[in-house]
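Reviewing the structure listed below.
The values are calculated or read from the model by the stated rules, or taken from the named source; none is laboratory data. What you see is a predicted model; the values in this text were computed from it and never measured. Using ideal geometry, Cβ is built from the backbone for each residue, glycine included, and neighbour counts are taken over all protein chains shown. Keep in mind that these areas ignore ligands, DNA and RNA; they rest on the heavy atoms of the full protein, side chains included. Shrake-Rupley method; radii C 1.70, N 1.55, O 1.52, S 1.80 Å.
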Amino acid sequence: MKLIRALIPALAALALLPASADARRPSFEIAGGDPFPSAFSWKARDYVDSCPAGTLRLEVDGGKGWRARVSGRRGVGGDFRTRIRRGAGQGVDLTFRRKRDGMARHFHVRCLPGDFPGLSFDRRRRGGAKLFMVQLPEDYAAIFNRDGVPVWWMQASNGPGDAKVLPDGTISWDAVEGGATVTGAFDIRSLSGRLIRTIGDDDTTDVHDIQLLPNGNYVIGEQDYRTGVDTTAFGGVPDAALLVYEIREVTPGGDVVRSWSTAEHIGLGETGRWWPEVASSLIYDTSHWNAVEIDGRYMYLSFRHLDAIYKVDRRTGEIVWKLGGTETPESLEVLNDPHPHPLGGQHDVRVLPNGTITVHDNRTGLAAEAPRAERYRIDEEAGTAKLVESVGDRGIDSARCCGSARRLPDRSWLVSWGQNPVVGAYDGDGRPIYRLSIDGSFSYRANPVTAVGTRDLRRGMDRMHP
């Protein structure tokens with residue numbers, strides 16, 4: 001069984017209380033399995049275990065003046081051991097209550113499924129995203145807390161691509177069908193796993209991103225084809241088949257409100273340095289859309305094979321500006337960046353409340369340059385984009401595809417380093433806060449979770465696994 005293992009110096013330090021304080025506080029130990037965290041801490045509320053043979057074994061040190069209550073059983077004082085039958089996903093609640101004033105502390109232990117992917121977690125300092133969601137091997141989507149503990153998970157039938165919690169508290173992911181051009185409809189689910197609706201279809205909906213608008217509509221990408229296109233000027237064939245992307249706003253029922261197509265707004269010359277790779281395929285993916293961000297009447301689009309981000313007016317379809325890639329009349333002048341190519345195969349464009357733009361810059365194919373999380377300040381009147389922040393990781397030297405970079409309100413970053421096993425949190429100075437490593441695989445994105453809290457996630461798990 002693959003289970004979570006970790007080194008968490010900061011968390012372990014929290015458990016090293018003075019002897020006098022330790023004597024007043026109860027504790028428990030998960031015995032016989034493979035628990036995480038491995039050591040009890042008064043500040044760590046959530047734990048997971050392998051629960052061998054479907055049994056969770058707890059050894060409780062009740063502490064003088066305290067009573068312990070396990071999953072609704074009658075509270076008892078002193079030390080005791082208990083065995084509780086629990087299957088994968090099922091949990092146990094343990095409450096310590098102080099007799100003299102009724103003060104209570106609640107803890108939660110949940111059993112991992114036997115095929116849950118192998119992971120490791122290392123914490124360096126305090127802080128980082130409180131909750132974040134990733135896709136994992138074996139078709140799992142999971143939400144972790146900042147202690148590296150999975151507090152919610154679900155196994156999908158396919159995928160699950162781009163797993164995230166939407167602003168209304170629902171879960172979304174793309175049930176990936178695979179193939180040469182990866183497509184699949186998006187599932188919209190409750191925290192209890194109930195399927196609410198699907199958005200798009202399995203044959204044409206692109207897996208890379210979905211956004212929920214305040215009006216309840218969704219923005220997705222759809223794939224289409226153009227045939228008989230002459231690409232000989234760029235080293236291609238005279239009758240090429242081109243993959244075209246339409247960015248659509250759709251209602252929950254699937255009606256198209258508006259759409260924007262790469263075929264109508266992006267020329268073949270903008271593929272630039274990517275043409276040799278594009279022309280080596282049966283179907284020419286000349287742009288490769290991978291992210292959309294909505295900010296009022298505008299949307300921001302990231303295209304891997306254009307090395308560029310576009311700001312587009314959703315009402316008129318006009319390109320307001322272009323950042324990176326081949327030069328066009330809409331191109332911004334990039335300031336404060338020592339690299340001749342500002343972007344290289346980038347992913348995950350986002351807009352912060354102050355108007356700055358963040359992006360996960362893979363640096364794909366650019367003289368072995370390491371990937372980085374970047375933030376730009378745009379001056380539309382001056383036509384400039386100033387690089388104001390750049391964060392890297394010494395352990396990551398390349399990222400051919402995928403990845404995400406999110407700057408949080410406390411100035412910290414949450415970064416999935418593309419085609420690497422590492423999801424990391426970094427402070428405002430770029431120092432590592434924690435790192436989650438996925439055995440033998442990677443997550444397409446790491447999405448911060450803010451619309452729901454840990455209690456909501458626990459309730460969702462309890463409903464899935466009563």
Inset, instruction - For the stretch 152-210, name all the residues that are assigned to a strand (DSSP E or B), of a type in the set (Ser, Thr, Tyr) and open to solvent by less than 40 Å² (accessible area, probe 1.4 Å). - result: SER172, THR183, THR205
Legend entry - the stretch 352-381 - residue that is hydrophobic (A, V, I, L, M, F, W, C) and either over 24 Å from the mean Cα position of the chain (by Cα) or part of a loop (DSSP other than H, G, I, E, B) (or both) and, of those, surrounded by the most Cβ atoms within 10 Å (Cβ to Cβ): ILE378
Legend entry - Within the stretch 235-264, tally of residues that are surrounded by 14 or more Cβ atoms within 10 Å (Cβ to Cβ), farther than 23 Å from THR198 by Cα and either free of Cβ contacts under 8 Å to residues at least 24 places away in the same chain or not polar (S, T, N, Q) (or both): 6
Inset, instruction - Check off (1) of a type in the set (Gly, Ala, Ser); (2) at pLDDT 95 or above; (3) open to solvent by less than 20 Å² (accessible area, probe 1.4 Å) for ALA399 and give me the number that stays unchecked. - result: (2)
Legend entry - Odd one out for TRP321, checked against (1) touching a residue at least 24 places away in the same chain (Cβ under 8 Å); (2) in a loop (DSSP other than H, G, I, E, B): (2)
Legend entry - Within the stretch 33-129, strands (runs of 3 or more DSSP E) holding 3 or more residues that are touching a residue at least 40 places away in the same chain (Cβ under 8 Å): 46-49, 91-98, 104-111, 119-123
Inset, instruction - Assess whether ASP168 counts as being of a type in the set (Asp, Glu) and touching a residue at least 24 places away in the same chain (Cβ under 8 Å). - result: yes
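Residue-by-condition table, conditions (1) modelled with pLDDT under 95; (2) surrounded by 16 or more Cβ atoms within 10 Å (Cβ to Cβ); (3) of a type in the set (Phe, Trp, Tyr):
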position: ASP230; (1), (2), (3): no, no, no
position: ALA279; (1), (2), (3): no, yes, no
position: TYR284; (1), (2), (3): no, yes, yes
position: HIS288; (1), (2), (3): no, yes, no
Inset, instruction - Test SER157 against the stated conditions and say whether it is within 16 Å of PRO37 (Cα to Cα) and among the hydroxyl-bearing types (Ser, Thr, Tyr). - result: no
Inset, instruction - Give just the number: which of (1) open to solvent by less than 30 Å² (accessible area, probe 1.4 Å); (2) not acidic (Asp, Glu); (3) not in a loop (DSSP other than H, G, I, E, B) does ARG226 not satisfy? - result: (1)
Inset, instruction - Tell me which of these PRO150 doesn't satisfy, since it passes every other one: (1) touching a residue at least 12 places away in the same chain (Cβ under 8 Å); (2) out of contact with any Phe, Trp or Tyr (no Cβ under 6 Å at 6 or more places or on another chain); (3) farther than 29 Å from HIS288 by Cβ. - result: (2)
Legend entry - Residue, least open to solvent (accessible area, probe 1.4 Å), within the stretch 322-338, restricted to residues that are among the polar types (S, T, N, Q) and within 17 Å of LYS386 (Cβ to Cβ): SER331
Legend entry - All positions within the stretch 300-321 that are among the aliphatic types (A, V, I, L, M) and open to solvent by 10 Å² or more (accessible area, probe 1.4 Å): ILE319, VAL320
Inset, instruction - Go through the stretch 382-392 and give me each residue that's of a type in the set (A, V, I, L, M, F, W, C) and surrounded by 17 or more Cβ atoms within 10 Å (Cβ to Cβ). - result: ALA385, LEU387, VAL391
Inset, instruction - Take the stretch 5-32 and flag every residue that is part of a strand (DSSP E or B) and either open to solvent by 60 Å² or more (accessible area, probe 1.4 Å) or modelled with pLDDT of 50 or more (or both). - result: ARG5, LEU7, SER27, PHE28, GLU29, ILE30, ALA31
